[in-house]
Amino acid sequence: MRKRTEPVTLEHERCAASGSSSSGSAAAALDADCSLKQNLRLAGKGTAEPHSASDAGMKRALGRRKSLWFRLRKILLCVLGFYIAIPFLVKLCPGIQAKLIFLNFVRVPYFIDLKKPQDQGLNHTCNYYLQPEDDVTIGVWHTIPSVWWKNAQGKDQMWYEDALASNHAIILYLHGNAGTRGGDHRVELYKVLSSLGYHVVTFDYRGWGDSVGTPSERGMTYDALHVFDWIKARSGDNPVYIWGHSLGTGVATNLVRRLCERETPPDALILESPFTNIREEAKSHPFSVIYRYFPGFDWFFLDPITSSGIKFANDENMKHISCPLLILHAEDDPVVPFHLGRKLYNIAAPSRSFRDFKVQFIPFHSDLGYRHKYIYKSPELPRILREFLGKSELERQH
């Protein structure tokens, strides 16, 4: 009996052992399955978080772009509105255009004392004040020939006035817009002319520099006439030449036309960087580029100039001037285009009023870089003046 039961017992134990083994394997498999699902859920959460972060970043970037575009559009609309408003403002207030033409409120260099020309290196120059009209006072500089600079030290106004009667020609210089008689390029020209033996008399029109009054074309011309008469009253038979630069060429031709009409012409007229008339100059000026093709440009911008009484009609004045004429113009002039100076010469040369006088046009090549106000640097200028003014003096004597 004991032998029979042992195998049964052993077999029963093996079955129990195998049973317990199989149940353990099932539990282990179940645990592995649960951990796999948990890992998958964690992995899903990990990939979802970067997606949501990138979406938020894209939204922020789009928001910034929209904000930038909105600001840019706002700026463009403001600029466009300002661009359109300016023509109407100029049309309604013609005085604005007059201010832009004269630019007398621009005082460059600013920190100089016009009562002391010696501060600008003009130690043989005297400062005067003349009164062309009531309530109008103009500041004048008189630079004597440089050969007298030692004699001029410490001399008063009377000595300088008496010096005008000496045997030296006189140049009345009429400057352009903006700045004063103490402008850098103007002072350098005075020095060149003085070194060539000329008296140089220059002044600030009413409303410029330390001169008192309100600027206008009529007033500027009258100021120039007053100074010319003041010079002639003191210079005896010495030649008097009139030199105008830029806007000053308009004053110069106005002046010379009046002098010729009253039969007291100057001995010669020199125009540096001249234009034909103020309308054509305004249309050709670099400031007008952005409006040149604006509908109604003439009506908005040019007609207000005329309505303000500003013409500076050099082309028309040429028909009434009878004296030697010299025109100097740089090909690279960015302010008064070279073609306007050439056009003025083409008007003057065949004019009957110049039939007995020399008319000469001297261009300066663009490679020289003289532009609008540096012709005084030309080493040829002394020869040009000597030859032209020498011939004009012979014509005057005959």
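The values are calculated or read from the model by the stated rules, or taken from the named source; none is laboratory data. Given the structure is predicted, the values throughout are model-derived calculations rather than measurements. Neighbour counts are summed over all protein chains in view; Cβ atoms, including those assigned to glycine, are modelled from backbone coordinates with ideal geometry. Surface accessibility is based on the protein's heavy atoms, side chains included, excluding ligands, DNA and RNA. Shrake-Rupley method; radii C 1.70, N 1.55, O 1.52, S 1.80 Å.
Here is a yes/no grid of residues against (1) at positive phi; (2) in contact with a Lys or Arg (Cβ under 8 Å, 6 or more places away or on another chain):
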{"residue": "265", "(1), (2)": "no, no"}
{"residue": "273", "(1), (2)": "yes, yes"}
{"residue": "286", "(1), (2)": "no, no"}
{"residue": "292", "(1), (2)": "no, yes"}
{"residue": "324", "(1), (2)": "no, yes"}
{"residue": "329", "(1), (2)": "no, yes"}
{"residue": "357", "(1), (2)": "no, no"}
{"residue": "360", "(1), (2)": "no, no"}
{"residue": "379", "(1), (2)": "no, no"}
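Of all the residues in the range 248-265, those that are under 33 Å from the mean Cα position of the chain (by Cα) and open to solvent by 10 Å² or more (accessible area, probe 1.4 Å) number 3. Would you mention how many residues in the range 166-178 are modelled with pLDDT under 95 and of a type in the set (Gly, Ala, Ser)? Qualifying residue count, the range 166-178: 2.
Conditions tested, residue by residue: (1) more than 30 Å from residue 264 (Cβ to Cβ); (2) in contact with a Phe, Trp or Tyr (Cβ under 6 Å, 6 or more places away or on another chain); (3) modelled with pLDDT under 95; (4) surrounded by 17 or more Cβ atoms within 10 Å (Cβ to Cβ).
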{"position": "327", "(1), (2), (3), (4)": "no, yes, no, yes"}
{"position": "331", "(1), (2), (3), (4)": "yes, yes, no, yes"}
{"position": "337", "(1), (2), (3), (4)": "yes, no, no, yes"}
{"position": "378", "(1), (2), (3), (4)": "yes, no, no, yes"}
{"position": "383", "(1), (2), (3), (4)": "no, no, no, no"}
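Considering every residue within the range 74-92, establish whether at least one is within 29 Å of residue 186 (Cβ to Cβ) and either basic (Lys, Arg) or in the same structural domain as residue 335 (by the TED database) (or both). Looking through the range 74-92, none of the residues is within 29 Å of residue 186 (Cβ to Cβ) and either basic (Lys, Arg) or in the same structural domain as residue 335 (by the TED database) (or both).
Hey, could you check the range 139-196 for residues that are out of contact with any Cys (no Cβ under 9 Å at 6 or more places or on another chain) and among the aromatic types (Phe, Trp, Tyr) and say which is nearest to residue 243 (Cα to Cα)? Result: 173.
In the range 150-178, the residues that are touching a residue at least 24 places away in the same chain (Cβ under 8 Å) form Cβ pairs under 7 Å with partners that are in a loop (DSSP other than H, G, I, E, B) and basic (Lys, Arg), at six or more places apart or across chains, as follows: 175/181.
The set of residues in the range 351-373 being open to solvent by less than 70 Å² (accessible area, probe 1.4 Å) and under 20 Å from the mean Cα position of the chain (by Cα) consists of 366, 369, 370, 372.
Residue pairs whose Cβ atoms lie under 9 Å apart, separated by 6 or more positions or on different chains, with the first residue in the range 291-304 and in contact (Cβ under 8 Å) with a residue 60 or more places away in the chain and under 19 Å from residue 278 (Cβ atoms) and the second in a loop (DSSP other than H, G, I, E, B) and open to solvent by 20 Å² or more (accessible area, probe 1.4 Å), are 300/294; 301/294; 304/93. When the residues of the range 300-318 are filtered to those that are in a loop (DSSP other than H, G, I, E, B) and farther than 17 Å from residue 343 by Cβ, which remaining residue is least open to solvent (accessible area, probe 1.4 Å)? Going through the qualifying residues, I end up with 310.
Applying the selection to the range 268-284, what residues are assigned to a loop (DSSP other than H, G, I, E, B) and either small (Gly, Ala, Ser) or not assigned by the TED database to the domain that holds residue 251 (or both)?
First pass over the range 268-284, keeping only residues assigned to a loop (DSSP other than H, G, I, E, B): 273-277.
Selection gives 273 alone.
I'm trying to understand the selection: among the residues of the range 278-299, which are in contact with an Asp or Glu (Cβ under 9 Å, 6 or more places away or on another chain) and crowded, with 18+ Cβ neighbours inside 10 Å?
Taking the range 278-299 and keeping what is in contact with an Asp or Glu (Cβ under 9 Å, 6 or more places away or on another chain), we get 278-280, 283.
Correct list: 278, 279, 280.
Filter the range 200-219 for residues that are assigned to a strand (DSSP E or B) and either out of contact with any helix residue (DSSP H, G or I) (no Cβ under 9 Å at 6 or more places or on another chain) or open to solvent by 20 Å² or more (accessible area, probe 1.4 Å) (or both) and give the result.
Within the range 200-219, the subset assigned to a strand (DSSP E or B) is 200-203, 212.
Once the filter is applied, which keeps residues that are assigned to a strand (DSSP E or B) and either out of contact with any helix residue (DSSP H, G or I) (no Cβ under 9 Å at 6 or more places or on another chain) or open to solvent by 20 Å² or more (accessible area, probe 1.4 Å) (or both), the range 200-219 yields only 212.
Screening residue 294 with (1) assigned to a loop (DSSP other than H, G, I, E, B); (2) in the same structural domain as residue 370 (by the TED database) gives one miss only, at (2). Scanning the range 117-163 for residues that are under 20 Å from residue 227 (Cα atoms) and either open to solvent by 40 Å² or more (accessible area, probe 1.4 Å) or not in a loop (DSSP other than H, G, I, E, B) (or both) yields a count of 28.
Report yes if some residue within the range 181-196 is of a type in the set (Asp, Glu), open to solvent by less than 50 Å² (accessible area, probe 1.4 Å) and in the same structural domain as residue 274 (by the TED database); otherwise report no. Steps first, please.
Start the filter on the range 181-196 by keeping residues that are of a type in the set (Asp, Glu), which leaves 184, 188.
Restricting the remaining residues to those that are open to solvent by less than 50 Å² (accessible area, probe 1.4 Å) gives none.
The answer is no, given that none of the residues of the range 181-196 is of a type in the set (Asp, Glu), open to solvent by less than 50 Å² (accessible area, probe 1.4 Å) and in the same structural domain as residue 274 (by the TED database).
Residues that are open to solvent by less than 10 Å² (accessible area, probe 1.4 Å) and either out of contact with any Pro (no Cβ under 8 Å at 6 or more places or on another chain) or assigned to a loop (DSSP other than H, G, I, E, B) (or both) within the range 229-245 comprise 231, 235, 243, 245, listed in sequence order.
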